[in-house]
Amino acid sequence: MQSKPNGRICVQTNNPIKPIDRNVWRIIGFLLKKHIAFSSGEYDGLQVTCENKTLFCPRNENNKKNDTKIMEFTFKNKTYLVSSTNAIRIRQIGEKYFITEDIFTPIINYVNLVEETENLFRDRYGLFIGSKSSRAMQGQKHLFVDLIAHAARLLGDLFGISVREINPKVPYIVALTFDVDGFFPGQPQKVIEFLKRWQVIQPTFMVMATDKDELTIYDPEYNLEDPSLKSLWDSDSEIGLHSSYLAHDDYELLMKQKERLEKTAGRLIYGHRSHYYRFAYPRSWGQQLRAGFLYDASLGYPDTPGNRNGTNIPVPFPDPDGFERKLWTISTTCLDQHFFDPNSYLFWEGKGKENIDLIFDNIQMNGGIITLDWHVHVIDNPSFPNHFKPLEYMLERASSDGALITGLGKIVKSMDEEWDRLFADLKWSLKEGVFKTNSKNQDEIATYTNIFSNQNLGATSIDTAIMSFLSVLPNDAETILDIGCGPGLMSRRIPPFHKVLCMDIDEEIILPITKPKCLGDITNIPLEDKCVDLAMACDVIEHLTDDDIHKAISELERVSRKYIYLQVPFSESLAAGQIKCPNCENVWHVNHHKQSFTLKRLFNLLSSKWVPKTVNFTGDIIYFDIPPNYYGLKESLGQSNLSTDGINCASCGHTLKGINETHNDQVFKEITRFSSRLTPRYSEVGILFEFDGEPLKDIEPVVRTRSGQAKAIPKPIVIQENILDFSKPFVESNSYSSFEQIPILIPHQVAVIRETNKIRIVKSELAKNASISMAFPMILNCGDTIKVKGYASDKLELTFLGYSSGDNEFVISVNLVHNDFFLEIIIPPEMEKAKGFIRIIWCGGSELNLYSVEVSNNNPNRLFYTFQGSFISEFSHIEKTKDGILYRWALPYDNLAFFSEELDQWIEKAHADESPKEDYNNILFQHIKFLMKQISFLEKELHLKRIEVEKNKLIQSEVEGNIGIPSINLHDHGNVGNKESIELELLGKTQQLEAQLHDALQCIIVLEDKINNLRLEYEQKNLMLDNQLQNAMEFINLLEEKVIPHKSNFTIKNKDNFRARLIRIIKQICKRLIILIKRYPLLISIGDLLRLRRIYHKLKLRGWV
C-alpha cells in the first residue's frame, strides 16, 4: 500500500518497523522539522520519501552486535560520518537516491542500547564499560560522533530540508550539571560563586535525598536541612534528584526521595540522575516515568568520555506502559574523573587539553550539545587538586565561542514543547462524554469478574490464547485498543513500547490495570476515526445480539487504521452452558454467550476491504467429542449441564444450588458416550484481519518456536490406535489418562527391556502385583478380537483382564503358553462400550516376551507429530499458509500433535464445519429408548431374583425336611465307658450324613442347571425384544425421513401436539420405572439407586411424575 507523503517524511518497509525503532526515526524527523509517517512498501529495504524525492536504503535488521565502523564518505562535496559495515556510495537517478549500505539500523541499535544487552562488559557496579564498546575499539574519538545529527543532515541535503538547530542563536550548547554526592561546609556556595565568572543560565544540581534506612556503603549521608545547601535553594539553579544506589529500579524509593527533595527545595523536580550512573534498561526509565520525571541524565561511561547512545542531543524515551508521557534521556559526554584517569582520552596531564579542543571544534562546526558532569565536593579540596581546572578551561572556551551555557532542564523543556507540536498524533484521541454502564451490562458483571479473577491467572487455555496472539502481533501495530480487556490478562503481556489502551464496560474490573484505560462499549467506542493501528476484541462479540454485532464490527472498522483481531469460542455449542432457573424457568448461558461462530461466519463478518491474514486455532486442545444430543437430553430432564452452585438468576434473583454432573454419569452411558476425534478441536479461534492486505504466499508447513524461529516440520509418525507394535517406537507411561491419543504401555512392578523387534518383561519374585497393561484410545465392542504375539521360555499361565463399561475389572481369558505363541481373545459382552484397557498377569516364570498386541477395529491411521526441543514446550505452533492465509495450530506443552489427515484437509474441514444443532425429537426418542432398556433390565433382574428365591426355598426344604441330622448324646454312653463303641457309632452316623449331603449337592446341581436354562431362555427372549425395539426405532427414523420433506407444512399446533404426545409416553414409562424401583429396591445397586433418584426428583420438578 503506497502512501502519498505531503509535507512529511514517509518511511516505507516491507517488514514493519518496531515501535521502539520508530522512535529513532521520529528523532530524525524532529531534527528535520518534519512529521514521520510509516507504511508498508514493496521494496526489500527502507524507502524514505519526502515530497517527490526518495532514498532507497538496504536494511539489515539481524546486525545486533553492531560490528560496524564509523566511516566518512562524501557526496556532492559534503562529508558525513556514518556507521556501516562497508564503504558507502550514493547513486542518483533523477529524484531517486540509492545508497549501498544500511546506515540507519546501526543508529537504532546505538540509541536503543542493543549492544549493551548483547555484550555484557560490566564493572563491579554493573556499569557498561565504554572502552569495550564497538566504537571505542575503533578509536576514542568515534565516541563523540553524533550519528543521528549526521543522518539527519544527509537526509536534509538530499531532500532540500534545513536541519533544526536546538538554539539557532548560538553555535552550540554546553549543558552544565553538578552531582552533590557530599560536600564540606560552604562548597555548594563556592561552586555558585565560581560560575558567576561566566554567563551561566540555570545550571543543574543533582541533589541526593536519601533517608538513613535507605543508605548503602556507596551512598553519602547528609541532611537536606544543612545550611550549606541553602545557597542552592536560594539560587535560580535547577534542582534535580541524584537518587541513591538502590533507587534506580525502585519506584517507591524514587517517589519518596523525589517528594522529600521537592519539599525541602520548594520547587518541582523534573530531572534525575542515578548514583554511579546505575540503571536497568528499560525498567529504570519506566520507573522514572511513573515517578513523574521529565528527563534522565544517567547515561554515561564511568571509564571514558563519549556519547553512550550515539548522539549528544536529548532523546525522548516512550513510556513502556503505553502512556502518552515520555522521558528525555541525555548522554553525559564528560565526567570530571575522565580528566584525571591516566588511561582516559581526556587525561589532563597528557593530551587532554588538545583532545578537548578537537571535541569543541567538531561540535562548533556541526552544532549540538556537550553535557558535563562535575562533583561539588572536589572544589577547593586538597584531596582533588586542580579538579576544577578542566571545567574552567571548557567554560572559557565555550564563552569565547558564544555558546549557551545552561542546565539540562531548560534545554529539555523547550524540546519537549516542540516535540508535542510536531507529533500530536501520538496522543489518544478520546471522544468527549462519559460512558455509563447500563443495566444489561450489570447483569453480566458478577460472572465476568469471576471468570477473569486472579484464580484464573495462569490457566492453560488463557495462556495459550495470549501466546497465539502475541506471536502474530504486527510490529507496526504501535497503538492498540484492547476491547473487553478485563483485568488486563492480554494487555499486560504485550511487549513494551506498544501503546495499549485498555477498554471495558466495568470500572472495577479495570482497576488493577497499569496501562492507559477507559470505560467504553464495543458498540460505541469512545475514540476518533482511524486513531489506532490495531483494534482487538477477545471473547467479546459472542456476548452480543445480532444487531449489536453489526454495530460492533462497524465501530472496529471505524477506529482501526490497519488491523483487527477477533477471538471467539470456536464452533461452540450454546446448549452446553445453558442454565434454567427452577424458580422462574428463566434460561440463560452460564457465560452469557449469545452467539456461536464457525470459521466461515467469522470470515464474513467484516467488509471485503478487511482481508483475513492469520487464523489461530488456540485455547484448550480437545481430542474428544460430546454427542450433539447430550446437552439437550440433560436439559429435557431438568438437569444442569454444569455446576450452578451460587449462581444467581438474573431474572428473579434466585440462588441456584446445582449438582456438578459429570459427562460419564452412569445414567447417560447408553446414549451419551464420548467418541475420540481423529484430529484436535480447539476451544478458541483468533483471526487477524488487515485493511487492504495482500494475500500471503503459500509455503510448506513449519513449526514455530516460542522465540519466533521457524523450523522444518518433522515427518509424522503413522500411528494406529489399535496396535502396539514393539518393533517400532512406542510410548511407555506410568499412568493412563482417558484422553490419551496413542496406544500406551503401562508397566506395574516389572522392568521393560526394549529389544530390536520385541520387549522383554521381567518381574521380581518379590513383586506381588506385577503385571503389564496396554491402553488403547478406543471404545471396545463385543466380538472385537485381541491378538497377542509373543514368546515364553518357560510354561506360563497368562491371565487377561479387562474393564466393563462400569469400570469393573474381570477376567477375560486364561491361557497356557510356551515358546512362540499367538493368541486370539474375543471381547466378551461384559466389555461392550468399555475403554480399551487390557491387563496381563502371568505366573510360572519371571520373564515374558511380547512382539505385538493388537485390537481388531476399522479406525483409520493417525498422523502423530512429535517435536523434540532443547527444553519442554519449546515449540508454540504448527504453521501452514493456504490460499493466502496463514493457519496456525497451538501446540500443547508436551509438543505432541495428532492429525488423521494432512493439514490442507484439516483446513478444508474447519471451513466446512457447521455449528452444532440440536434435534429435540431425536433426543426424546433416544430418551425413550434408554428408559425402555432400563425397564427391561430391571424386569430381567426381577425374574432372576424370583428364580433365586425359589431355589433357596427348595434347597432349604430339601435339607431341613428330607435330610435327617441324627443327634448324638455323649452322656447316654457316659456310664458304659465303652469308648470304641461310641467311635463306631459316630463314624456310622457321619458316613450316613455325608451320603445325604452328597444327594443334596446333586439336587442343587440339577436346580442350577434348570436356572441356567431359564436364564438362557430369558436372554434369548430379551435379545429378541431388543431386536424388535431396534426395528421399531429404525421404523421411526424411516418415518421421520418421510416427514421431514413435509415438515414446513406442519403448523405450530401440530408440532406442539406431537411433542406433547412424546412427553406423555415418557411420563408413562417413567412412572412404570419408578414403581419398579420403589417395589423392588434391592434389584439395583446403591449407586444406581442414587442416580435414578436424582432423575426422579428432576422429573418431579418438571411435572412429569
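The values are calculated or read from the model by the stated rules, or taken from the named source; none is laboratory data. Small disclaimer: the values here were computed from a predicted structure and weren't measured. Because the Cβ atoms are built from the backbone with ideal geometry, glycine has one as well, and the counts that use them run over all protein chains shown.
Meeting the requirement of 2 or more residues that are charged (D, E, K, R) and touching a residue at least 40 places away in the same chain (Cβ under 8 Å), the helices (runs of 4 or more DSSP H) wholly within the range 67-159 are 114-118, 147-159.
Of all positions in the range 606-613, at least one carries a residue that is touching a Leu at 6+ places or on another chain (Cβ under 6 Å), part of a strand (DSSP E or B) and not small (Gly, Ala, Ser). Screening the range 501-573 for strands (runs of 3 or more DSSP E) wholly inside it with 2 or more residues that are small (Gly, Ala, Ser) returns the ranges 532-538.
With respect to Tyr281, is the statement that it is under 24 Å from Pro220 (Cα atoms) and not acidic (Asp, Glu) true? In short, no.
The condition (being crowded, with 22+ Cβ neighbours inside 10 Å and in contact with a helix residue (DSSP H, G or I) (Cβ under 7 Å, 6 or more places away or on another chain)) is satisfied by just one residue among His242, His275: His242. Out of all the residues in the range 16-25, is one or more buried (at least 19 other Cβ atoms within 10 Å of the Cβ), under 33 Å from the mean Cα position of the chain (by Cα), of a type outside the set (D, E, K, R) and not in a helix (DSSP H, G or I)? Within the range 16-25 (the criterion being buried (at least 19 other Cβ atoms within 10 Å of the Cβ), under 33 Å from the mean Cα position of the chain (by Cα), of a type outside the set (D, E, K, R) and not in a helix (DSSP H, G or I)), the answer is yes, since at least one residue qualifies.
If you go through the range 735-744 one residue at a time, do you hit one that is part of a loop (DSSP other than H, G, I, E, B) and without any contact (Cβ under 8 Å) to a residue 24 or more places away in the chain? Yes, the range 735-744 contains a residue that is part of a loop (DSSP other than H, G, I, E, B) and without any contact (Cβ under 8 Å) to a residue 24 or more places away in the chain. When each of Phe837, Phe810 is tested for being assigned to a strand (DSSP E or B), out of contact with any Cys (no Cβ under 8 Å at 6 or more places or on another chain) and touching a residue at least 24 places away in the same chain (Cβ under 8 Å), the lone residue that passes is Phe837. Just one of the listed residues (Phe384, Phe388, Phe340) is under 24 Å from Leu232 (Cα atoms), crowded, with 18+ Cβ neighbours inside 10 Å and either touching a Cys at 6+ places or on another chain (Cβ under 7 Å) or of a type outside the set (D, E, K, R) (or both), and it is Phe388.
If the condition is being charged (D, E, K, R) and in a helix (DSSP H, G or I), then the range 220-257 contributes Lys230, Asp234, Asp249, Glu252, Lys256.
Checking Glu115, Glu42 one by one, the residue that is at pLDDT below 85 and surrounded by 20 or more Cβ atoms within 10 Å (Cβ to Cβ) is Glu115 and no other. Answer yes or no: is there a residue in the range 325-342 that is within 22 Å of Arg273 (Cα to Cα), among the aromatic types (Phe, Trp, Tyr) and not in a helix (DSSP H, G or I). Checked against the condition, which is being within 22 Å of Arg273 (Cα to Cα), among the aromatic types (Phe, Trp, Tyr) and not in a helix (DSSP H, G or I), the range 325-342 yields at least one hit. Could you list all residues from the range 118-145 that are crowded, with 21+ Cβ neighbours inside 10 Å and modelled with pLDDT under 80? The answer is Phe128, and nothing else.
Comparison of Lys562, Lys580, Lys530 shows that the only residue that is touching a strand residue (DSSP E or B) at 6+ places or on another chain (Cβ under 7 Å) and at positive phi is Lys530. The residues on offer are Glu555, Glu585, and the sole one that is without any contact (Cβ under 8 Å) to a residue 60 or more places away in the chain and crowded, with 19+ Cβ neighbours inside 10 Å is Glu555.
For the range 613-638, the set of residues classified as modelled with pLDDT of 90 or more and surrounded by fewer than 22 Cβ atoms within 10 Å (Cβ to Cβ) consists of Lys613 only.
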